[in-house]
Ligand code: NAD
């Protein structure tokens, strides 16, 4: 069976391996990015190239976007040379970027006016899972659009869950990002205390990881922290972007999020300290500076 042609816009840390997995699954791809080297890499892997998002939309029925944040998604969809400049109807845009759900709804409305469908499908799992095709994908869209596109999404993720109508994918992603950030802060605070109290943090980890305090975050971040490895992973700067979207969304619907504000300020302090490009496990370095101790065995 001939698989349909897929457009892919945004070939960064995540988009590149996701696009390659679609090629591996047998899809023909048309790609676009403002960064030429990324486009050339995908072209060498078998993808056709396009001159603009509009050009992508003219060539493909389904267009995936994997961009940094809402302003870039708006530019690609509604800007000059954007998807909506293509005179096509019946296309579907699947935005897999982590953006504000408010922007997802705006884009859905703008697309609807032109007969184009829009769904939000942000991911969790980072570059390793993007490469393995085992991302967790949380999807906000009409039921029919989900049924029609779930097999495509399964080429990039091992878990694909529809969480509700448009915007609900990004609401779910914001919840995910709040939980991850606060979990890293809790682990950092506790391990800084244990280390300064003179207990080997490796022993603390071994003793508690199987109990109620254990978590996927602890299992991923404590080994990195003990090795003093702060290479991203997921950058502090990107987590700040997600927390800003979480604060905006929460305040717009009347939900105070006091703990999210605290971890936002901790990450802002780390950015000022030149650590914005570090992995978010670098939150421990905020505590280490306050307590004058290093969490290592
Ligand atoms: P990235 O910065 O590596 O890639 C973004 C790509 O978009 C770049 O190649 C850039 O050139 C391109 N781009 C920017 N503006 C553009 C425009 N106007 N037109 C075309 N291309 C444009 O980012 P990433 O790490 O791949 O993340 C993408 C999204 O996925 C973000 O929303 C991020 O929060 C989310 N995410 C990232 C991770 C991770 O671990 N990196 C994990 C889960 C989710």
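A short reminder: the numbers here are calculations on the coordinates, not readings from a lab. A quick note: this is a predicted structure, and the numbers were derived from the prediction, not measured. Neighbour counts are summed over all protein chains in view; Cβ atoms, including those assigned to glycine, are modelled from backbone coordinates with ideal geometry.
Observations on the model:
- Listed from fewest to most Cβ neighbours within 10 Å, the set 60, 203 follows the order 203, 60.
- Residue separation of residue 24 and residue 132 scaled by 0.36 nm, minus their Cα-Cα distance, works out to 37.7 nm of gained length.
- Likely footprinting exposure, 97, 252, fewest C-beta neighbours within 10 Å first: 252, 97
- Computed per residue of the chain from DSSP H runs no shorter than four, each worth -39500 (n - 2.57), the mean residue ellipticity at 222 nm is -16000 deg cm²/dmol.
- Nearest 10 degrees, 0 to 90: helix 216-226 Cα axis against the chain principal axis: 60
- Measuring nothing but alpha carbons in the chain and taking Rh as the Kirkwood radius, the Rg to Rh ratio lands at 1.01.
- Separation of the residue 296 and residue 45 label points, Cα + 7 Å toward Cβ, nm: 3.5
- GNM flexibility winner over the chain from 26, 115, 254 (Cα, springs under 10 Å): 254
- Long-range tail of P(r) for the range 5-166 (Cα pairs > 20 Å, %): 43
- Rounded to 5, percent antiparallel among DSSP beta bridges of the chain: 15
- Annotation: extensible slack from residue 165 through residue 261 equals 31.8 nm (criterion: 0.36 nm per residue apart, minus Cα-Cα distance).
- Per-residue Cβ neighbour rank within 10 angstrom, fewest leading, 129, 209: 209, 129
- Rounded tilt (10° steps) of 168-196 against the dominant C-alpha axis of the chain: 20
- Radius of gyration (Cα atoms) of the range 171-291, expressed as a multiple of 2.2 N^0.38 Å: 1.06.
- The range 221-297: C-alpha pair distances exceeding 20 Å, %: 35
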